[in-house]
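These notes are about the structure you will find just below.
The values are calculated or read from the model by the stated rules, or taken from the named source; none is laboratory data. Fair warning: this is a prediction, and the values are worked out from it, not measured in the lab. All Cβ positions, glycine included, derive from the backbone under ideal geometry; neighbour counts span all protein chains shown. The protein model used for the area step is the full one, side chains on, heavy atoms only, and it has no ligands, DNA or RNA in it. Shrake-Rupley method; radii C 1.70, N 1.55, O 1.52, S 1.80 Å.
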2 protein chains.
Amino acid sequence: MTRPPAEQPLVPDAPPGPVPTVGELSEAELLERVLPLLLRPAAAPAGADQVLLGPGDDCAVVAAPDGRYVITTDTQVQDQDFRLAWPGGAVTTGYDTGVKCAAQNLADVAAMGAVPSAVVVSLTLPPGTPVSWPQDFARGLVDGFEAMGADRCAVVGGDLGAGRELSVTATVTGDLEGRDPVRRSGAGEGGTVALAGTTGRAAAGVALLEDRRYRPGQDELLDGLAAAQLRPCAPVPAGPAAARAGATAMIDLSDGLLRDAGRVAAASGVVVDLDGAAVADLAQPLRPAARLLGADPRDWVLTGGEDHGLLAVFPRGTPLPGMFRAIGSCAPAPPAHDDTLPRVLVDGRAPHLALGHPVGEGWDHFEP
Amino acid sequence: MTRPPAEQPLVPDAPPGPVPTVGELSEAELLERVLPLLLRPAAAPAGADQVLLGPGDDCAVVAAPDGRYVITTDTQVQDQDFRLAWPGGAVTTGYDTGVKCAAQNLADVAAMGAVPSAVVVSLTLPPGTPVSWPQDFARGLVDGFEAMGADRCAVVGGDLGAGRELSVTATVTGDLEGRDPVRRSGAGEGGTVALAGTTGRAAAGVALLEDRRYRPGQDELLDGLAAAQLRPCAPVPAGPAAARAGATAMIDLSDGLLRDAGRVAAASGVVVDLDGAAVADLAQPLRPAARLLGADPRDWVLTGGEDHGLLAVFPRGTPLPGMFRAIGSCAPAPPAHDDTLPRVLVDGRAPHLALGHPVGEGWDHFEP
């Protein structure tokens, strides 16, 4: 991470007077106002080499120097993945949505050990959306690339359309630089389980934003947690660094530590045993928010996704890259392991959650 | 095109009894029911070689044999890009939406002269959507690939989420097979302007579907036009064939002949002169629909997109590949050409539209 995304107030000033909306412009006029803001990184010399043909034709053309590319896609929908206005008074700006779009897509590329190379982005906007919203989105996306160390990544195309609800889909590709992709299935017995970035902060943030007891702008620490939800910062360079250091498995923590570590464990045929002291360390900075809301900060650490930290497994004894800290180890799966037994333990025991979620649960879009 | 997408009734039978909806399933349960339907082509030996790692990890890994890939993205939103139910009684099925998603993305790849290689697809579904809808979508997408001659193309990843309106975004990549991309800017004076596929049929189809005077299932010819709107069939292999035959410019006709030919003309610094007889030929099969609705079929040919035909420019005298027919030629732009003069003529004169659209206009998502 070269620097955090630009500081933004949680409750921006309302603009004076009437606001121009996207419904008042033609598609071409809107594109004219948004596209130049998206193209910033492509113009930088560092990113120029892999974009062989940028936006403006039927497709872009991107270099794949080692003859392969990784690809992933993610969608955010208003009122599903973010609220435009939160009960406590905070708002999700276009800038926030751009940063979050960058984080969730870049983290997936990083989790393969790849370096993000190109993005196409589709925006669906209700006609009443202020023109400044997609402009802010573009700034947040591009600032997010830079802030998260993906400065070679360039926007090479997209789609702009109308709809009843605001929705953003980005597809990111990445370059493996000649290395094997780091899959979920490579964790070995005795391996060190390590975390880059954070986990639980974004979950504490959404709990605050959803609760009227939290008022933005009155407590810097709480505002920081809210910002971790609104504008997560994924540790993108940690992905390729882990691959270079010999990581044998890696995953983006988008659905929570228990669920995502469980995926690595299941794919690799091991059990992940988290270190209780490491979990407590991660919970420590969340205590003020937990006190305010009467919650258990450990629940946020174990089940909260959306920080987009990276969980990697290294062979025992591997010196960890600087961005990683050890938080557990891999144990052999019991001989007759079945899916009713937890794949992820804390200090050798099935984790207990204060809120009584089923063990291993994180976020589910369609949960009844 | 190896064969047309499976025949589907325009007014499908309603299923008996209550229909299971996506809101009753978890994301994992839904994925279990949809993913196997999407993976069909990847299992085929012809497509297996370029998918180095399929869905199930943070990213897929796709081969780019010549060290480059083309990439494009397109979104369809309910009630913007399609209606689920049309005034005359026809419905847009999940299958239709899948075929259309294939057509609009594959055509963009083909228009660069590339061969489609991989797709990631994001579905946003209201909780009340029948589970059969995303399943039908998957079948339509995969059938669409095969029907349009993109049988090497495989679905390698996606995202599945909830929202208030149904929305589909696909990103497709393609392989240039060592050739230069065919851009919009390469049309030269005297070049032959040629069309693969059709134009105007999908526009006639949407006019029928929007009008209660059209009743589906009573006239095979009219039903065929409606189907061209619901399930367009892009001439995908014509793209690489044009590139191999020496096409110097190419574009996907998604926004209408006047507008898209105008883009080629502007990018290339020429004027496109369409052959009035060729336009009349294209209008001929639309006459029954035009009679029913009191419309001018020539308007549909000149301004209707969504058939996803390909418009290519070949150096004069080039033998055209089998899928193309000549429909005009390129003339030098007048010395002091400015943007108030039409870039596209018919028989040397500014085209006149019966409906009085501004010349050069096609579809605009945000048109006030």
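General observations
- Residue-level check: of (1) farther than 17 Å from B:ARG298 by Cβ; (2) crowded, with 24+ Cβ neighbours inside 10 Å; (3) small (Gly, Ala, Ser); (4) out of contact with any Cys (no Cβ under 8 Å at 6 or more places or on another chain), B:ALA245 misses just (2).
Listed here are the residues, each with its yes/no results for (1) within 30 Å of A:TYR95 (Cα to Cα); (2) touching a Gly at 6+ places or on another chain (Cβ under 6 Å); (3) buried (at least 24 other Cβ atoms within 10 Å of the Cβ); (4) assigned by TED's automatic domain parsing to the domain that holds A:GLY197.
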site: A:ALA241; (1), (2), (3), (4): yes, no, no, yes
site: A:ARG259; (1), (2), (3), (4): yes, yes, no, yes
site: A:SER268; (1), (2), (3), (4): no, no, no, yes
site: A:ALA280; (1), (2), (3), (4): no, no, no, yes
site: A:LEU292; (1), (2), (3), (4): yes, no, no, yes
site: A:VAL301; (1), (2), (3), (4): yes, yes, yes, yes
site: A:LEU311; (1), (2), (3), (4): yes, no, yes, yes
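- Selection count, segment B:328-345, where residues are closer than 16 Å to B:VAL279 by Cα and either of a type in the set (Gly, Ala, Ser) or surrounded by fewer than 23 Cβ atoms within 10 Å (Cβ to Cβ) (or both): 3
- Test: residue in segment B:201-208 that is open to solvent by 40 Å² or more (accessible area, probe 1.4 Å) and in contact with an Asp or Glu (Cβ under 7 Å, 6 or more places away or on another chain): yes
- Pairs where the first residue, in segment A:311-325, is modelled with pLDDT of 95 or more and in a strand (DSSP E or B) and the second is among the polar types (S, T, N, Q) and open to solvent by less than 60 Å² (accessible area, probe 1.4 Å), C-beta under 6 Å, 6+ apart: A:VAL313/A:THR248; A:PHE314/A:THR192
- Qualifying residue in segment A:172-191 (condition: more than 18 Å from A:ARG244 (Cα to Cα), at pLDDT 95 or above and open to solvent by less than 10 Å² (accessible area, probe 1.4 Å)): yes
- Pairs are defined by a Cβ separation below 9 Å, a sequence spacing of at least 6 or placement on different chains, a first member in segment B:165-190 that is within 11 Å of chain A (Cβ to nearest Cβ) and over 11 Å from B:GLY113 (Cβ atoms), and a second member that is open to solvent by 40 Å² or more (accessible area, probe 1.4 Å) and assigned to a strand (DSSP E or B); the pairs so defined are B:ALA170/B:GLY158.
- Complete set of residues in segment A:160-171 that are surrounded by 24 or more Cβ atoms within 10 Å (Cβ to Cβ) and in contact with a Pro (Cβ under 9 Å, 6 or more places away or on another chain): A:GLY163
- Segment A:68-85, residues that are open to solvent by less than 20 Å² (accessible area, probe 1.4 Å) and at pLDDT 90 or above: A:TYR69, A:VAL70, A:ILE71, A:THR72, A:THR73, A:THR75, A:GLN76, A:VAL77
- Which listed residue, of A:ALA170, A:ALA203, A:ALA118, A:ALA111, is more than 16 Å from A:VAL34 (Cα to Cα), within 14 Å of the chain's Cα centre (by Cα) and not assigned by TED's automatic domain parsing to the domain that holds A:ALA277: A:ALA111
- Considering (1) within 13 Å of chain B (Cβ to nearest Cβ); (2) in contact with a strand residue (DSSP E or B) (Cβ under 8 Å, 6 or more places away or on another chain); (3) not basic (Lys, Arg), the lone condition that A:VAL142 does not fulfil carries the number (1).
Every residue, every condition in (1) in contact with a helix residue (DSSP H, G or I) (Cβ under 6 Å, 6 or more places away or on another chain); (2) modelled with pLDDT of 90 or more; (3) farther than 19 Å from B:TRP133 by Cβ, yes or no:
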residue	(1), (2), (3)
B:PRO41	yes, no, yes
B:GLY47	yes, no, yes
B:GLY54	yes, yes, yes
B:TYR95	yes, yes, no
B:MET112	no, yes, yes
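- Test for B:GLY94: is it within 17 Å of the chain's Cα centre (by Cα) and away from chain A (no Cβ under 12 Å): yes
- B:ALA85 being within 8 Å of chain A (Cβ to nearest Cβ) and not acidic (Asp, Glu): no
- Checked against the criterion of being of a type in the set (A, V, I, L, M) and within 23 Å of A:ASP296 (Cβ to Cβ), the candidates A:LEU195, A:LEU166 yield just one match: A:LEU195.
- Among the residues of segment B:299-308, those identified as assigned to a helix (DSSP H, G or I) and either under 15 Å from B:ALA228 (Cβ atoms) or among the polar types (S, T, N, Q) (or both) are B:TRP300, B:VAL301, B:THR303.
- Residue count for segment B:145-159 satisfying the condition of being more than 7 Å from chain A (Cβ to nearest Cβ) and open to solvent by 10 Å² or more (accessible area, probe 1.4 Å): 4.
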